[in-house]
Amino acid sequence: MSDQVTLKADTRTDAGKKAAKRLRNAGQLPAVIYGEKESPIACSVDPRALTDLLRSHGRNAIITLEAGEQSQSTIIKDIQQHPLGGNILHVDFHRIDLTRKIVVEVPVDTEGIPVGVRNDGGILEHMLHYVEIECLPTDIPEQIALDVSDLGVGDSLHVSDIDLGNDALTIVTDGDRTVVALAAPTVIAVDEEEDEDGLVPEGEEMQEPEVIERGKRDEEEGDE
């Protein structure tokens with residue numbers, strides 16, 4: 001279930017791209033707190049503290065933001081990252097009521113080795129890495145485990161096959177969506193004219209490329 005952690009935030013009054021750039025140059029990460037029918041609060045957080053929090057507790061941690069004299073129960077709603085460097089540029093925190101259900105994305109992790117991989121060389125394709133779950137903030141699972149051990153070549157598992165094992169959790173994602181599928185192994189076609197070593201069969205002469213032959217004919221015609 002979701003961890004509950006505390007993160008310090010500094011409120012700010014300036015906004016816009018220039019203000020955000022000044023914050024980053026000063027070693028701070030621009031952020032905003034919104035939701036629950038209250039006015040948004042512009043703030044900033046320590047990027048290292050946020051990175052450590054994400055590594056230790058994940059995206060769905062319940063974060064108590066200490067912004068000025070206020071404490072806000074929040075969850076991370078969106079993280080903007082640099083397209084090349086990957087460093088965090090901005091983060092959105094969403095206020096939550098711990099007694100009201102919310103919808104969050106939870107990662108799906110596979111367990112086991114499919115029988116079709118062991119016996120037939122099949123290839124496991126993980127097609128859906130997250131599903132949306134509705135639950136109380138304190139009930140958010142860290143991840144969802146999906147057992148793929150019984151999959152044979154051509155088999156697949158859908159969202160409807162996921163068993164959360166907890167009546168407090170409800171899957172929102174469409175049940176028909178495919179989560180994993182086991183594809184047949186890739187077969188590389190071998191030219192029948194070549195032997196096992198990739199050589200031309202005995203008794204047949206290797207012909208020179210047509211472009212070389214044309215070049216020779218052009219030279220002979222030029223000498224006449």
In this structure, is ILE33 surrounded by fewer than 17 Cβ atoms within 10 Å (Cβ to Cβ), part of a strand (DSSP E or B) and either within 26 Å of the chain's Cα centre (by Cα) or in the same structural domain as GLN143 (by TED's automatic domain parsing) (or both)? no
Which condition does VAL153 not pass, out of (1) within 19 Å of the chain's Cα centre (by Cα); (2) at pLDDT 95 or above; (3) assigned to a loop (DSSP other than H, G, I, E, B), if it passes all the others? (1)
Count - residues of segment 39-74 that are touching a residue at least 24 places away in the same chain (Cβ under 8 Å) and within 24 Å of LYS21 (Cα to Cα): 15
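Being in a strand (DSSP E or B) and within 15 Å of ALA181 (Cβ to Cβ) is the filter here, so list the residues in segment 113-146 that pass it.
ILE123, LEU124, GLU125, HIS126, LEU146
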Being within 30 Å of ILE41 (Cβ to Cβ), in contact with a Gly (Cβ under 6 Å, 6 or more places away or on another chain) and not small (Gly, Ala, Ser): is that true of ARG100 here? no
For segment 44-54, which residues satisfy the criterion of being in a loop (DSSP other than H, G, I, E, B) and among the hydroxyl-bearing types (Ser, Thr, Tyr)? none
Members of segment 12-30 that are more than 28 Å from the chain's Cα centre (by Cα), surrounded by 14 or more Cβ atoms within 10 Å (Cβ to Cβ) and either part of a strand (DSSP E or B) or in contact (Cβ under 8 Å) with a residue 12 or more places away in the chain (or both): ARG12, LEU23
Is there a residue being more than 26 Å from SER2 (Cβ to Cβ) and touching a residue at least 60 places away in the same chain (Cβ under 8 Å) anywhere in segment 122-134? yes
Top-ranked residue of segment 55-112 - restricted to ones that are of a type in the set (A, V, I, L, M, F, W, C) and part of a loop (DSSP other than H, G, I, E, B), ranked as surrounded by the most Cβ atoms within 10 Å (Cβ to Cβ): ILE96
With respect to GLY112, determine if the residue is on the phi > 0 side of the Ramachandran plot and either charged (D, E, K, R) or at pLDDT 95 or above (or both). yes
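The values are calculated or read from the model by the stated rules, or taken from the named source; none is laboratory data. None of these values were measured; they are calculated from a predicted model. Glycine gets a Cβ as well: all are built from the backbone with ideal geometry, and neighbour counts include every protein chain shown.
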